[in-house]
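Following: one structure in structure tokens, then a few remarks.
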Amino acid sequence: MIKICLVGYGYWGPNLLRNFNALDNCKVTVVCDSRKERLDIVLKNYPDTIVTKKFDDAFQYDFDAVIVATPVYSHFEIAEKALKNGKHVLIEKPMASSLSQCEELISLAEKKGLSLMVDHTFLYTGAVRKIKELLSSDFIGKIRYIDSTRINLGLFQPDINVLWDLGPHDISIVNYITNTKPLAVNAIGVSHTNNGIENIAYLNLFFENNVIAHFHCSWSSPVKIRKFLIGGDKKMIVWDDMEPTEKVKVYDTGYEHKSDEDKRRILVDYRTGDIYVPKVSATEALSLMAKDFIKSITDKIKPVSNAENGLLVVKILEAADKSIKNKGKEILL
């Protein structure tokens, strides 16, 4: 039985507590939050749980792992303290506030022989797992581009911009499904709140073989859109996460081009075929993520949403910030 201390009981904390307590081989025994009213909610729903307002006070109790579900600026301090005290660690995305902090946590976990994982929940969704399967089988051919839109009238964060808030979802997905690292980054963004924190941003990742990934993130849209397009040289995939059913569709659509003899015109042949709707698992992604974390502890295996993916996400976000501050300058990774 793996005993867990959950630090942070805000927006995501209740979901984490519910899913980990639903597993047979683990239990959240301690919950930390600085707000008494949040701890009162924990006790109302889970009366046998130990609660404390200070993380330091939690170490007097028995637990094996720590889940960090607090604001980004506090991730490193809490995770470092947990690792130094011999606890396995799961951190909400993004992993930390800087690349150097991520590297330090990974080094510490390796020295201690502890599991360190980042909760990129979307990697466990049925849609992403199906897309990964399709790409691994060469079903759509070689990837040419990826286009992601994640926008809504969202919660303006006081400490991180929209890329750091929404971007980790789709950046981690691209890292996972392509299993390749981008060569360079550029980004532009704007703040409409006069605090220097961008609420709208556009990010491009450049890969080998002319492959490009584009991300549009916004807290300022009147409509909520969660759409992901992957163009292959055989077929194209559209994942619309707002669809209640048939979230993933594969289009037997594409194009081929060639230059004519005078090299001044491009001749394009378009192809339109059938639409294939693969079956997608409806299992709750957070439940699979929780199982993966516990398995990484009990079986000492590398989880799907591993620390290296978390580090790469932060590396890209840090480079994107640098690009934004330099008016979209390309930053090599």
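For (1) surrounded by 17 or more Cβ atoms within 10 Å (Cβ to Cβ); (2) in the same structural domain as Ser221 (by TED's automatic domain parsing); (3) at positive phi; (4) modelled with pLDDT of 95 or more, each residue gets a yes or a no:
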position	(1), (2), (3), (4)
Leu108	yes, no, no, yes
Gly113	no, no, yes, yes
Lys132	yes, yes, no, yes
Ser148	yes, yes, no, yes
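Give the number of residues within the range 68-86 that are free of Cβ contacts under 8 Å to residues at least 60 places away in the same chain and either surrounded by fewer than 16 Cβ atoms within 10 Å (Cβ to Cβ) or assigned to a loop (DSSP other than H, G, I, E, B) (or both). Of the residues in that region, 4 qualify.
Residues are listed down the side, and each one gets a yes or a no for (1) within 21 Å of Tyr124 (Cβ to Cβ); (2) out of contact with any Lys or Arg (no Cβ under 8 Å at 6 or more places or on another chain); (3) surrounded by fewer than 16 Cβ atoms within 10 Å (Cβ to Cβ):
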position	(1), (2), (3)
Lys3	no, no, yes
Gly8	yes, yes, no
Ala22	yes, yes, yes
Asn25	yes, yes, yes
Thr29	no, no, no
Asp33	no, no, no
Tyr46	no, yes, no
Thr52	no, yes, no
Tyr61	no, yes, yes
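Among the residues making up the range 294-317, those that are under 15 Å from the mean Cα position of the chain (by Cα) and part of a helix (DSSP H, G or I) are Ala307, Glu308, Asn309, Gly310, Leu311, Leu312, Val313, Val314, Lys315, Ile316, Leu317.
Name the residue, out of Val185, Val162, Val174, that is of a type outside the set (D, E, K, R), in contact (Cβ under 8 Å) with a residue 12 or more places away in the chain and in contact with a Cys (Cβ under 9 Å, 6 or more places away or on another chain). Explain how you work it out, then say what you get.
Working: Val185 fails: in contact with a Cys (Cβ under 9 Å, 6 or more places away or on another chain); Val174 fails: in contact with a Cys (Cβ under 9 Å, 6 or more places away or on another chain).
Testing whether each residue is of a type outside the set (D, E, K, R), in contact (Cβ under 8 Å) with a residue 12 or more places away in the chain and in contact with a Cys (Cβ under 9 Å, 6 or more places away or on another chain) leaves just Val162.
The residues listed here are Val238, Val280; of these, the one that is more than 18 Å from the chain's Cα centre (by Cα), modelled with pLDDT of 95 or more and not in a helix (DSSP H, G or I) is Val238. Filtering the range 146-191 to residues that are touching a helix residue (DSSP H, G or I) at 6+ places or on another chain (Cβ under 7 Å), part of a helix (DSSP H, G or I) and not β-branched (Val, Ile, Thr) leaves Leu163, Trp164, Gly167, Pro168, His169, Ser172, Asn175, Tyr176. Taking the criterion of being closer than 18 Å to Ser115 by Cα and among the aromatic types (Phe, Trp, Tyr), the only residue of the range 271-293 that qualifies is Phe293. Among the residues making up the range 102-145, those that are touching a residue at least 40 places away in the same chain (Cβ under 8 Å), in a helix (DSSP H, G or I) and among the hydrophobic types (A, V, I, L, M, F, W, C) are Cys102, Leu105, Ile106, Ala109, Phe122, Leu123, Ala127, Val128, Ile131, Leu134, Leu135.
Per this entry, Ala65 is not counted among residues that are farther than 24 Å from Asp165 by Cα, surrounded by 19 or more Cβ atoms within 10 Å (Cβ to Cβ) and in contact with a Ser or Thr (Cβ under 7 Å, 6 or more places away or on another chain). Scanning the range 165-210 for residues that are under 16 Å from the mean Cα position of the chain (by Cα) and over 30 Å from Ile140 (Cα atoms) returns a single hit, Asp165.
Examine the range 17-24 for a residue that is in a helix (DSSP H, G or I) and either among the polar types (S, T, N, Q) or not assigned by TED's automatic domain parsing to the domain that holds Asn85 (or both), and state whether such a residue exists. Yes, there is a match, as at least one residue in the range 17-24 is in a helix (DSSP H, G or I) and either among the polar types (S, T, N, Q) or not assigned by TED's automatic domain parsing to the domain that holds Asn85 (or both).
The values are calculated or read from the model by the stated rules, or taken from the named source; none is laboratory data. Since this is a predicted model, take the numbers as computed values, not measurements. As a convention, Cβ positions derive from the backbone with ideal geometry for all residues, glycine included, and neighbour counts pool all protein chains shown.
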